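What follows is a single structure, written as structure tokens, with notes after it.
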Amino acid sequence: MLNRGLFKAIIIIGLTLFLSACSDSSPRLTPLAPDAVILSYGDSLTFGSGSNSKTQSYPAILAQLTGINVINEGIPGEVTLQGLERLPSVLAEVNPDLVILCHGGNDIIRKSGQQQLKSNLEKMITLVKQSGAEVVLIAVPNFNLMLNVPDLYPELAEMHTIPIELAILQKVERSPKLKSDHIHPNAAGYKLMAESIHRLLVETGAL
């Protein structure tokens, strides 16, 4: 006969696993076809500053991991207002199935204001959805001692029911071994970004 304490522990573990499975409400993505196009959109963190952008940026590594065409549309120094203005023409040209949106770092550095940043990102997400593509959001942390992620990123993800990667840039920014300077990842940092995004795409059903 099972000890009462052990029996209770087994019941609790079982219930926890069951509730965890039932509460798995992460947004799902449409499976990507082999000929799909992923658009990586953002600033220098997307471009790959601090590494060989053609071979070591996160979009380049993600293309290797997925076997899918990944277009790198990162512009170093770009703020979200410029990204918003540029986005319609890029969507029309690339016609992506999925957009990985990693933007806002320069707004944060320049202290442009959280409301403006959130508004610009929200408009970008809306434009992508209107084009027929799906969106994955990559959160950019505040570049300070705490490296906390602004609330606007998870708020936007919840509002638009889209997957979000909240932790990878925090992890990279906290490790000098993963950075080429105070802000930008090095090749190892971008590789870690690509692997985290790849994992997210698998978990959400895109791959």
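The values are calculated or read from the model by the stated rules, or taken from the named source; none is laboratory data. Keep in mind the model is a prediction, meaning the values are calculated, not measured. Positions of Cβ are backbone-derived with ideal geometry, glycine not excepted, and every protein chain shown enters the neighbour counts.
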Practice problem: Could you figure out which of (1) part of a helix (DSSP H, G or I); (2) in contact with a Pro (Cβ under 8 Å, 6 or more places away or on another chain) isn't true of residue 162? | Solution: (1)
Exercise. Inspect all residues belonging to the range 25-48 and state whether any of them is at pLDDT below 95, out of contact with any Lys or Arg (no Cβ under 6 Å at 6 or more places or on another chain) and farther than 21 Å from residue 194 by Cβ.
Key: yes
Practice problem: Determine the pairs where a residue that is within 13 Å of residue 194 (Cα to Cα), located within the range 64-87, has a partner that is of a type in the set (Asp, Glu) and at pLDDT 95 or above with Cβ atoms under 8 Å apart, the partner being 6 or more residues away or on another chain. | Solution: 65/195
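Based on this model, can you work out whether residue 159 counts as in contact (Cβ under 8 Å) with a residue 24 or more places away in the chain and crowded, with 20+ Cβ neighbours inside 10 Å?
Working: in contact (Cβ under 8 Å) with a residue 24 or more places away in the chain: yes; crowded, with 20+ Cβ neighbours inside 10 Å: no.
Here the answer is no, as residue 159 does not meet what is asked.
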Exercise. Collect the residues in the range 59-86 that are within 19 Å of residue 157 (Cα to Cα) and crowded, with 22+ Cβ neighbours inside 10 Å, keeping them in residue-number order.
Key: 80, 83
Self-check item: the range 167-207 - residue that is over 17 Å from the mean Cα position of the chain (by Cα) and hydroxyl-bearing (Ser, Thr, Tyr) and, of those, nearest to residue 29 (Cα to Cα)
Solution: 175
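Mind checking which residues of the range 121-137 are touching a strand residue (DSSP E or B) at 6+ places or on another chain (Cβ under 8 Å) and part of a loop (DSSP other than H, G, I, E, B)? Break it down into steps so the answer makes sense when it comes.
Taking the range 121-137 as the starting set, the residues that turn out to be touching a strand residue (DSSP E or B) at 6+ places or on another chain (Cβ under 8 Å) are 121, 124-125, 128-129, 133-137.
Of everything in the range 121-137, just one residue is touching a strand residue (DSSP E or B) at 6+ places or on another chain (Cβ under 8 Å) and part of a loop (DSSP other than H, G, I, E, B), namely 133.
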Quiz item: Residues in the range 40-74 that are charged (D, E, K, R) and not in a loop (DSSP other than H, G, I, E, B): how many?
Solution: 1
Quiz item: Any residue in the range 102-120 that is in a strand (DSSP E or B) and at pLDDT 95 or above?
Solution: yes
Practice problem: Quick one: in the range 129-156, of everything that is in contact (Cβ under 8 Å) with a residue 60 or more places away in the chain and of a type in the set (A, V, I, L, M), which residue is farthest from residue 102 (Cα to Cα)? | Solution: 133
Quiz item: Among (1) part of a loop (DSSP other than H, G, I, E, B); (2) over 25 Å from residue 190 (Cα atoms), where does residue 140 come up short?
Solution: (2)
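Quick one: which residue in 87, 121 is of a type outside the set (Gly, Ala, Ser) and within 14 Å of the chain's Cα centre (by Cα)?
121
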Self-check item: Residues satisfying the stated conditions in the range 82-118, i.e. more than 14 Å from residue 40 (Cα to Cα) and out of contact with any Leu (no Cβ under 9 Å at 6 or more places or on another chain)
Solution: 82, 85, 89, 92, 106, 109, 110, 111, 113
